[in-house]
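The values are calculated or read from the model by the stated rules, or taken from the named source; none is laboratory data. The structure presented is a predicted model; accordingly, all values stated were derived computationally and were not measured. For neighbour counting, all protein chains shown are included, and Cβ atoms are generated from backbone atoms with ideal geometry for every residue, glycine included. Just so you know, the surface numbers come from the protein's heavy atoms only, side chains and all, with ligands and any DNA or RNA stripped out. Shrake-Rupley method; radii C 1.70, N 1.55, O 1.52, S 1.80 Å.
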Amino acid sequence: MAGTDPIHQFVISDIFPIATIGGDGTEGSGLHFAFTNSALFMVLTVAVISLFLILSSSGRKVIPGRAQLLSELTYEFVAGMVRSSAGTAGMKFFPLVFSLFTFIFVANMFGMVPYFFTVTSHIIVTFALSMLVFITVIIYGFIKNGASFLKLFVPAGVPGYILPIVTPIEVISFLSRPISLSVRLFGNILAGHITLKVFTGFMVMMIGALGALGWGASILPLLMAIALTGLEFLVGAVQAYVFAVLTCMYLNDAIHPSH
Amino acid sequence: MAKPPDTEGRNAGAREVTRDLASRIASAKRERDVEDNRASKDASPEMSGLARGLRIGTEFVAAILVGAGIGYLIDLGLGTSPWGLLILLVMGFAAGILNVIRVVAQMNAASPAPPGSDLGPDAEDEAER
C-alpha cells in the first residue's frame, strides 16, 4: 500500500536522464546521471532564495518594506551568529554560512509541503554539506596558520608523556565532526517525516478497517499529526540554526587554532 | 620652523578637523562594540531539550564510529586484525566522551546558572571541613 508506506516519500526518481558512463547498456550498470526529483528541489530551493533576496533588496529603501525587512533580518541574524561564534575575522566566511543556513532552512520548509521532496532527508546531501565545511576549515586553517594549525590536536598544558594518548583522541574527535554534523541534520529530518507519515497513515488505515467507528477514532492520530507538524517546522528551523552555528564554531577553530 | 604662517593656520585647522574625526570614529567604534556584545548575548536562544539531547548523542556516536572506521582501515592495510579495531574503538569512545564534555561545557557557558543557586560542594567547602 503505497499510500501509507512511511518510507515511500524518500524514493528518488529520475525526471530526465542526462548520461550513462560505462556499463554494458543494461539496466543498472555503469554510472547513471539523471536530473532527479532531489535535484529539482535543490534547484527550486536555490531559485526561491535567490529570487527572494534579489527582489526584496532591489528596492534599497532607507525605510524597508516588509520583504526587504525580512531579508535584512536574515542578514542580521546570520551576521550576529558569525560575529559571536567566530569573531569579526570570521565575517569573511559570512557568504558560506549564509548560503548554508538559508539552503538548509528553505529545503526543510519545502519538505513540509505535502507531496514535496525533502532534500535534507538523504544523508549524502547533508554529508556533502558538512564535508564542504570540514574541508574549508582544514584548507583555510593550513593557509592561515601553516603547521601551527596542528596545535589544534595538542591541548595546551598537557604533560609530554600523555600526548601520545591525547593526540589520537583529539584527531578522532576532529574527524568525527562532519559525521555528527551530517547525521544530526539527516536524522532529525528523516525521523520527523517518518513519524508524521506513520501517524497520518494510522488515520487512513483506521477508516479503512473500522468504517464509521474509525472516523471517530482517527481523531486521536489526527491531533498527534497536527502537533507533530508544528514540531517539524520547529525542528527544521532549529536544525538549520544548529548547522550554521556549528559551522561558525569550526571556522573559529581554523581562524584561532589554540584551544 | 620655516613654514609660512598661512600654512601654519591651515594645519591647525586640519588638525582640528582630524581630532574631531578621530573622536567621532572612536565613539562609533564604542557603540559598535556595545552593539556586538548585545548581539552575542541575544544570539544564544535556549535549544529545545530534544535538540540538545540529539546533539550530545550524535557527538558521542560519531566519534565511536570514526574510531572504529579508522581501526578497521588500519587492520585492512597492515593485517593486524583485530588489534587496530579494538584499540581505535576504545580511543573513539574516549574521543566521544571528550566531545560530550565539550558540548556540555559550551551549553553551560551559554546559559549560566542564576546567581545564588546551590551548585553543590566546591573547593571552598572542602577547605572549611
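Order A:HIS122, A:HIS32, most accessible first, counting only protein heavy atoms with a 1.4 angstrom probe.
On the way: A:HIS122 40, A:HIS32 100 Å².
Highest to lowest solvent-accessible surface, that is A:HIS32, A:HIS122.
Under the Karplus relation 6.51 cos²θ - 1.76 cosθ + 1.60, θ = phi - 60°, what is the ordered set of whole-Hz ³J(HN,Hα) values for region B:79-92, x standing for Gly and Pro?
x, 9, 3, x, 5, x, 4, 4, 5, 5, 5, 5, 4, x
With every protein chain in place, what's the accessible area of B:MET91 (1.4 Å probe, Å², nearest 10)?
40 Å²
When only the heavy atoms of the protein chains count and the probe is 1.4 Å, how do A:PHE233, A:PHE93 rank by accessible area, highest first?
On the way: A:PHE233 90, A:PHE93 25 Å².
From most exposed to least exposed: A:PHE233, A:PHE93.
Roughly how many percent of the accessible protein surface of the protein assembly as shown is carbon and sulfur, given a 1.4 Å probe and a whole-percent answer? Please list the in-between numbers first.
Numbers: 16300 of 23120 Å².
The computed percentage sits at 71.
Read phi for every residue in region A:236-244 and hand back ³J(HN,Hα) as whole Hz from Karplus 6.51 cos²θ - 1.76 cosθ + 1.60, θ = phi - 60°, with x for Gly and Pro.
Each residue of region A:236-244 in turn: x, 5, 5, 5, 4, 5, 4, 4, 5 Hz.
Provide A:TYR161, A:TYR115, A:TYR75, B:TYR72 ordered by accessible surface of protein heavy atoms (probe 1.4 Å), highest first.
Numbers: A:TYR161 185, A:TYR115 225, A:TYR75 95, B:TYR72 125 Å².
Listed by decreasing accessible area, they come as A:TYR115, A:TYR161, B:TYR72, A:TYR75.
Across region A:176-183, in residue order, what do the Karplus-derived ³J(HN,Hα) couplings come to in whole Hz, using 6.51 cos²θ - 1.76 cosθ + 1.60 with θ = phi - 60° and x for Gly and Pro?
Working through the residues one at a time gives 6, 4, x, 5, 5, 4, 6, 5 Hz.
Do you know which residues of region A:167-186 lose at least 10 square angstrom of accessible area in the protein assembly compared with their chain on its own, with a 1.4 angstrom probe?
A:PRO168, A:ILE169, A:GLU170, A:ILE172, A:SER173, A:LEU175, A:SER176, A:ILE179, A:SER180, A:VAL183, A:ARG184
For A:LEU190, what accessible area in Å² do you get when you roll a 1.4 Å probe over the heavy atoms of the protein chains, rounding to the nearest 10?
Surface accessible to solvent at A:LEU190 totals approximately 50 Å².
Enter the mean number of other protein chain beta carbons within 10 Å of the beta carbon of each residue in B:62-70, as an integer.
On the way: counts 12, 9, 2, 6, 10, 7, 1, 4, 4.
Per residue, the number of nearby Cβ atoms from other chains is 6 on average.
Please give the solvent-accessible surface of A:VAL235 in Å², to the nearest 10, using a probe radius of 1.4 Å with every protein chain present.
Using a 1.4 Å probe on the heavy atoms, I get roughly 10 Å².
Once amide H atoms are built 1.01 Å from N in the peptide plane, which residues 5 or more positions from A:THR36, or in another chain, come under 5 Å H to H?
A:ILE15
Under 25 Å between alpha carbons: how many lysine pairs meet that in the protein assembly as shown, if sequence neighbours fewer than 8 apart on the same chain are excluded?
Values: A:LYS92/A:LYS144; A:LYS92/A:LYS151; A:LYS92/B:LYS29; A:LYS92/B:LYS41; B:LYS29/B:LYS41.
Total qualifying Lys-Lys pairs in the protein assembly as shown comes to 5.
Please sort A:48-55, A:137-144 by packing, taking for each peptide the average over its residues of neighbouring beta carbons within 10 angstrom, highest first. Each step should come with its number before you reach the end.
On the way: A:48-55: 13.8, A:137-144: 15.5.
Those peptides, ordered most packed to least, come out A:137-144, A:48-55.
Estimate for me the total accessible surface buried between chains B and A (protein heavy atoms, probe 1.4 Å, no ligands or nucleic acids), in Å² to the nearest 100.
On the way: alone 10570 and 14620 Å², together 23120 Å².
The summed interface area works out to 2100 Å².
Given a 1.4 Å probe, how much area per residue of the protein assembly as shown is accessible, in Å²? Before the final figure, lay out the partial values.
Numbers: 23120 Å² over 388 residues.
For the protein assembly as shown, the per-residue accessible area is 60 Å².
Report the local net charge at A:GLN68: Lys and Arg +1, Asp and Glu -1, summed over other residues whose C-beta lies under 12 Å from its C-beta. Intermediate values should be presented prior to the final figure.
Working: positive: A:ARG60, A:LYS61, A:ARG66; negative: A:GLU72.
Residues close to A:GLN68 contribute a combined charge of +2.
Restricting to Cα pairs below 8 Å that are 6+ residues apart, what does the relative contact order work out to for chain A? Please round to a whole percent. Intermediate results must be reported in sequence, preceding the final value.
On the way: 280 pairs, mean separation 68.3, N = 259.
RCO, chain A: 26 percent.
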